[in-house]
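Report on the following structure.
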Amino acid sequence: MMGPMAGTGGRARRATGAAVLLVCAALGGCTAEPSGPPESQPSSDSAALRVRTVVHGDSNLTPAARAEAEGAVGDVLSGYVVNAFLGDYPREDFARSFESFTGSLARNATGDIDQLTANRFGDAKAIRATRLDADLSFLVEGSDVIGATAFVRFQFEATMDGVQRPLGMRGRLMLVNEDDAWSVFGYDVVTDTGDAVEAEVTP
Amino acid sequence: MRSLRALARAILLFALVALVVPGATVHPTTLSLSQVESAKSVDFDDGVVWVLLLGSDAEDGSSLRQGNTDAIELLALDLDSGAASAIGIPRDFWVPLPQGVGFDRINQAYKEGGASLAAQAVEDLVGVSPEFVLVTGFDGFRSMTETAGGVDVVSSQSFFTDDGHVRVHRGINHFNADEALYFAATRSNLESDLRRAANTQALLLGFLRQMRQREDETGFMEQITSSAIGGLQTDLPPTDLYRLAQAITQVDPRKVTGCIITGRLATVGPENASVIFPNYPLAQRLGRDAAEDAELDPGCHG
């Protein structure tokens, strides 16, 4: 079993380019409770990353511990989204999207780079997020959050050759908290590139 | 690359209705489909992972070490290819237990020396060393089965369980936690103890299918892991148990093979206790087979 790639924690959280993601949990709310604070508005026209906890079992997880876990997982997710889909286009540096992935998983992810990033849209003029939702299910041991599944639904709009093209990714990212650092150790995602495939059938 | 990449081109964007010219040819309908691709990978360990599963018959509330491990399964998992194999070890195998314990039934190994002795005894028999040992008892088994929502098990024969008098049908049976336990523990109403080991494998396959079916339900993998943390005795830290649970869902039930090590019935000691002398060449052959790619060659004979 491998730990996350060395020295990635800070870089993974560094926002790049014009896209600014807001992790609601880190700002103190945006959970499932309707009484939560209002969402903050992103400073660009990209959608904000909305992180909320949907399951944490019958644990003794305190609201503070839950918010802390949401913030930490949200940081990992936002770093991934920025590196994998946003940033300044045109670009080619999609491989660094996996900095928060465990070592073996990062190698496998490189083989799935078309499904896990906007690699095919590297020539785009720009990509903006239209929807960034992550529902978290926590694994709690005692009072510690040690693992999580992020059920993600990401939607983007790429501008290529003057045409808007949709790009979507949904599915699960699996995370584990080891040595006070969160890393992604698994993914199970479906990507819709919006590519049209013509087919003919005779009625 | 071990990602599963099933290309599904199934989302219909629009369809143009064919223009049918009266009395002329039929024009084809043009469909435009969007391309959907999937990718899955879970990082646990590279290569074939060996896991020893032990089911203890210790009474509820007592230490698992006080019971006999009447269910013994050695699993080989290749999480890259999605293949897995199960080597069933009958509890009555008469073997020399290591660390100076001497000859005894293999189901006494855990009681005598814990996980390390049980792993060593299995290694001496099969020729491969289990990396992880997972032990459960009645309580843990029930808890995990309840969390899974019961289990569908394919039985190759119909019979009544020894306890609970549950009617097991040939074919698919849905068991709740108690029924699954009765199914796993039944011996006397079966042809032999080998059938019991085969039933354990059928149960494990049912759990695998259940996990794969529910893995994408919100909270399921966390709940089943929590249940496993409470219901299993293992050296694996909880985070690794979580990784293992997620990784197991990469195993394709169609790529699962299983064999039971056979042997020769015998009696030993002044009380003529019934035991089985293991077929060592078969055991070693199965170990070598599975070590390559977690797949057993066709046939379970030596």
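Coordinate-derived values only; no laboratory data. For clarity, every value in this text was computed on a predicted model and none was experimentally measured. Here Cβ is always computed from backbone atoms with ideal geometry, including for glycine, and neighbour counts include all displayed protein chains.
Quick check on the exposure proxy: order B:48, A:54 from fewest to most C-beta atoms within 10 angstrom.
Ascending number of Cβ neighbours within 10 Å: A:54, B:48.
For the stretch B:156-231, which GluC sites (Glu not before Pro) pass both filters: DSSP loop (anything but H, G, I, E, B) and at most 11 other C-beta atoms within 10 Å?
B:191
Quick one: compute the contact order of chain B, relative version, from alpha carbon pairs under 8 angstrom and 6+ residues apart, as a percent.
So the answer I get is 20 percent.
Which net charge results for the neighbourhood of residue B:127, defined as the other residues with beta-carbon distances under 15 angstrom from its beta-carbon, given Lys and Arg at +1 and Asp and Glu at -1?
Value of the local net charge: -3.
Taking the Cα centroid of the stretch A:96-147 and of the stretch B:50-67, what is the distance between the two, rounded to the nearest whole Å?
39
Between the stretch B:233-294 and the stretch B:73-87, what is the C-alpha centre distance in whole Å?
Result: 10 Å between the Cα centres.
For B:172, A:127, B:261, A:113, what ranking results if the residue with the fewest other Cβ atoms within 10 Å of its Cβ goes first?
Lowest to highest Cβ neighbour count: B:172, A:113, A:127, B:261.
What number results when the radius of gyration of the stretch B:125-186, computed over Cα atoms, is divided by 2.2 N^0.38 Å?
After normalising by residue count via 2.2 N^0.38 Å, the value is 1.31.
Suppose we take every Cα in the stretch B:48-293 and form the convex hull; what volume per residue is that in Å³?
Residue-normalised Cα hull volume stands at 120 Å³.
From other protein chains only, count the Cβ atoms within 10 Å of every residue's Cβ in A:130-136, then give the mean.
1
Roughly how tilted is helix B:138-148, in degrees to the nearest 10 and between 0 and 90, from the longest Cα axis of chain B?
Tilt relative to chain B: about 0 degrees.
Once the other residues with Cβ under 10 Å from the Cβ of residue B:52 are scored (Lys, Arg +1; Asp, Glu -1), what is the net sum?
-3
Where does each of B:138, A:85 land when they are ranked from fewest to most other beta-carbon atoms within 10 angstrom?
So the residues, fewest neighbours to most, are B:138, A:85.
Report the net charge of residues surrounding residue B:301, where surrounding means a beta-carbon distance below 13 angstrom and charges are Lys +1, Arg +1, Asp -1, Glu -1.
-1
If you build the Cα gyration tensor of the stretch A:109-203 and take the root of 5 times each eigenvalue, what three semi-axes come out, in whole angstrom, biggest first?
Taking √(5λ) for each eigenvalue gives 33, 16, 12 Å, largest first.
Taking the alpha-carbon distance from residue B:40 and a cut-off under 26 Å, which lysines remain once sequence neighbours fewer than 8 residues away in the same chain are dropped?
Result set, ordered by chain and number: B:255.
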